[in-house]
Structures are given as structure tokens and as C-alpha cells.
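The values are calculated or read from the model by the stated rules, or taken from the named source; none is laboratory data. Only a predicted model underlies this, so the values are computations on that prediction, with no experimental measurement involved. Ideal geometry is used to build each Cβ from the backbone, glycine not excepted, and the neighbour counts take in all protein chains shown. These accessible areas exclude ligands, DNA and RNA; they are computed on the full protein's heavy atoms, side chains included. Shrake-Rupley method; radii C 1.70, N 1.55, O 1.52, S 1.80 Å.
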Amino acid sequence: CSGMAAPTKAERKACWGARDEFWQCLDSHGDDAAKCEKLRRAFESRCPQQWVKHFDKRRDFLKYKKKLETEGYSPPEAAGKS
Amino acid sequence: GAPRLPLRQRLAVAGAVAGAAAAGWLYLRQQKERQRRSRRLQQLRQVALGQGDFQLQDTAGTPRSKADFLGRWVLLYFGFTHCPDVCPEELEKLSRAVELLERDPALPPLQPLFVTVDPERDDAAALARYLRDFHPRLLGLTGTPEQVRAAASAFRVYVSAGPRDSDGDYVVDHSVLTFLVDPDGLFRDCYGRSRTAEEVARSVRGHMDAYEPLPP
């Protein structure tokens with residue numbers, strides 16, 4: 001069974017590349033995972049299961065962080081102010 | 001009765017006595033200061049050896065403790081080879097910082113160290129394989145789970161292995177820190193994710209320039 005040896009540098013790069021392609025696809029489809037299935041499968045095949053989980057969590061975190069940043073900067077709605 | 005000295009001479013004697021007393025007092029104060037300094041340096045030396053010590057083995061199987069690295073600056077990172085991204089990135093950064101500092105031949109030698117937080121999987125062979133991709137002088141250290149736990153604890157590094165999946169694979173959550181230790185074995189600084197290689201190099205150089213060795 002594979003996954004006994006740690007990924008080599010080349011394998012890391014391949015995994016990160018697949019992850020980045022998948023994420024770029026998500027970015028351009030408003031995070032609609034259904035539109036990026038092929039790249040998702042490539043990502044899952046090139047990365048250890050543990051890394052897929054780790055990167056999924058990281059993506060969620062980055063999105064959350066971005067949301068905080070953008071919503072933090074948007075001016076409050078002036079509702080009914082005289 | 002005894003002849004009395006003229007005023008001028010009496011003043012001169014009084015002045016000499018006062019001067020001798022002052023000189024004596026200054027000398028005693030200096031002695032006390034010297035002793036205090038010496039005691040403090042002894043304490044520092046003990047603290048330096050006791051603080052952040054480790055008993056590990058390098059990738060050649062040679063036992064290594066902090067004493068082996070005295071006389072050199074050390075940049076030490078805790079990580080594991082099955083690490084998804086953080087460890088390779090931090091090791092790239094560490095390697096690059098060391099390279100930048102090596103360019104200046106006037107600077108003292110700097111030893112990069114990698115200590116695994118995953119001794120179950122990261123034996124000497126696994127470490128050697130992994131570290132090949134980074135700075136050629138980056139030395140890997142591993143040990144028994146107890147030894148590694150003690151080393152992480154000595155550096156106050158948080159380590160927590162995650163749950164195993166169906167392949168038996170797992171990740172190890174850990175503090176992401178690179179420690180700078182001076183040639184006397186004293187902590188000087190630590191660097192996290194946000195520092196760039198250039199910033200680390202600049203900071204290390206600053207510590208090297210300001211460094212005064214503990215007298216023997």
C-alpha cells in the first residue's frame with residue numbers, strides 16, 4: 001500500500017499543482033464544486049488523503065478570512081438616516 | 001605635648017587618608033561587581049545548557065545534544081516529513097536564509113537543524129531522504145518518542161498527532177517556529193510563518209553583530 005513513504009519533492013509539487021488548478025476552477029465558478037469534478041479527482045489522486053483534508057480545511061479558512069476582510073471594509077448601510 | 005602640624009599639612013594628610021579610603025572603597029566595589037558578574041555568567045551558562053537541551057540522533061545515527069553545537073549559531077526547526085505544505089515552505093525559507101548569510105564570509109558559521117515531531121515514521125533514513133531537497137548542511141535529528149517529546153517540550157513546541165485514516169496516514173499539528181540559538185547555547189530569537197527568508201537573515205545577522213561571547 002502506498003502512503004508509507006513521505007511524498008518526494010516532485011510528488012509534493014504535483015499535488016500542489018493539482019490543488020491550485022482545482023482551486024482556480026472553483027474561483028472561476030463561484031465555488032461550485034460540481035463544475036470542477038475532473039480537477040477534484042485529479043487533486044485527490046495526486047495528494048495523500050490527509051493532505052486533501054488539510055487543504056480543504058485551508059480553503060475554507062482562506063475563504064472565511066477573505067469574507068471577514070471584505071465585509072469588514074464594506075460601509076454600513078445608511079438605513080433611514082436623516 | 002606633641003607638635004601640631006600646620007593647617008596645610010593637616011589638610012594634606014586628611015586628603016590622603018580620604019583618598020586612600022575612597023580608593024579602597026572603589027576597589028572593594030569593583031571586586032563585588034566582578035564577583036556578581038562572574039556569578040551571573042555562571043548562572044547564564046547553566047541556563048544556556050539546561051534550556052532547550054535535547055538528546056537525539058542525527059541521520060548518521062550519531063548521538064547529538066545541544067553541547068555538540070556550542071561555538072556555532074544554530075537555526076532549528078521542528079517539523080515532520082509527511083507535512084502537506086508548511087514544513088517544506090519553512091525549510092525552503094530556512095535554507096534560503098542560511099544561503100543569504102553564507103554569502104558573507106565575515107559572518108560566523110551557522111548550523112541549520114531539523115528536529116522531527118513524528119519519530120514513529122521519521123527515522124534516520126526517512127529524514128535523510130526528505131532533507132536532501134533542502135540546504136546541504138541541514139542536519140536532521142530524530143530519536144525515540146520520549147526523546148523527541150522531551151526536545152519539543154524543552155523548546156515549548158506544541159505537538160499533537162492527528163487521527164489516522166484508513167491508510168494509517170496522519171498529520172501532526174505543531175507550532176511552526178524556527179529558533180535561533182547563539183554559540184553559548186542561549187535562545188536569541190524565534191521566527192514564525194510570516195517572516196520571509198530575507199527578514200530572518202537580517203535578524204540573524206543583527207544578533208550576530210551584537211553578540212558578545214560569555215567569557216570562559
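Considering only B:89, B:33, B:198, the Gaussian network model of chain B with Cα springs below 10 Å gives its largest mean-square fluctuation to B:33. Rolling a 1.4 angstrom probe over the range B:55-210 with all protein chains present gives an accessible area of which 51% lies on carbon and sulfur atoms.
Hey, what did chain B get for relative contact order, percent, Cα under 8 Å, at least 6 apart? Across chain B, relative contact order equals 25 percent. Per residue, the accessible area of the protein assembly as shown comes to 61 Å² when a 1.4 Å probe rolls over the protein heavy atoms.
When the other protein chains are added to the chain by itself, burial of at least 30 square angstrom of heavy-atom accessible area (probe 1.4 Å, ligands and nucleic acids ignored) affects these residues of the range B:55-85: B:82, B:84, B:85. When chains A and B come together, the accessible area they lose, probed at 1.4 Å and totalled over both chains, is close to 1500 Å².
Annotation: lysines with alpha-carbon distance below 20 angstrom to residue B:93 (same-chain offsets under eight excluded): A:9, A:13. Note on chain B: GNM, Cα springs under 10 Å; of B:130, B:191, B:170, the largest mean-square fluctuation is that of B:170.
Counting DSSP beta bridges with both partners in the range B:55-210, what percentage is antiparallel, nearest 5?
In the range B:55-210, DSSP labels about 60 percent of beta bridges as antiparallel.
Springs join every pair of Cα atoms under 10 Å in this Gaussian network model of chain B, and among B:184, B:167, B:122 the largest mean-square fluctuation is at B:167.
Enumerate the whole-percent occupancy of each 10 Å bin, from 0 to the last occupied one, for all C-alpha pair distances of the protein assembly as shown. Over the protein assembly as shown, the share of Cα pairs per 10 Å bin runs 5, 20, 24, 17, 12, 7, 5, 4, 3, 2, 1, 0, 0 percent. Placing a label point 7 Å from the Cα of residue A:11 along the Cα-to-Cβ direction, the residues of the range B:98-128 whose backbone N falls under 15 Å of that point are B:121-123, B:126-128.
Between residue B:124 and residue B:89, the simple spin-label model (points 7 angstrom out along Cα→Cβ) gives 3.3 nm. Modelled label positions at residue B:25 and residue B:209, each set 7 Å beyond Cα in the direction of Cβ, lie 4.2 nm from each other. For q = 0.29, 0.31 Å⁻¹, what log10 I(q)/I(0) does the range A:17-64 give under the Debye formula with an equal point scatterer on each alpha carbon and no solvent? Computed log10 I(q)/I(0) values: -1.19, -1.28.
Database note for chain B: Cys without another Cys beta carbon under 4.7 angstrom, B:190. So how tilted is helix B:7-50 from the main axis of chain B? Cα-based, degrees 0 to 90, rounded to 10. Tilt of helix B:7-50: around 10 degrees. Where the alpha-carbon atoms of the range B:92-139 are placed on the principal axes, they occupy 40, 17, 15 Å, in descending order.
Once the mean of 1/r is taken over each pair of separate Cα atoms and inverted, the range B:1-154 shows a Kirkwood hydrodynamic radius of 19.8 Å.
Measure nothing fancy, just the Cα-based angle from helix B:197-210's long axis to the longest principal axis of chain B, in degrees from 0 to 90, nearest 10. With rounding to tens, the tilt is 20 degrees. Note on the range B:2-75: the C-alpha convex hull projects to 9.0 nm² when averaged across all orientations.
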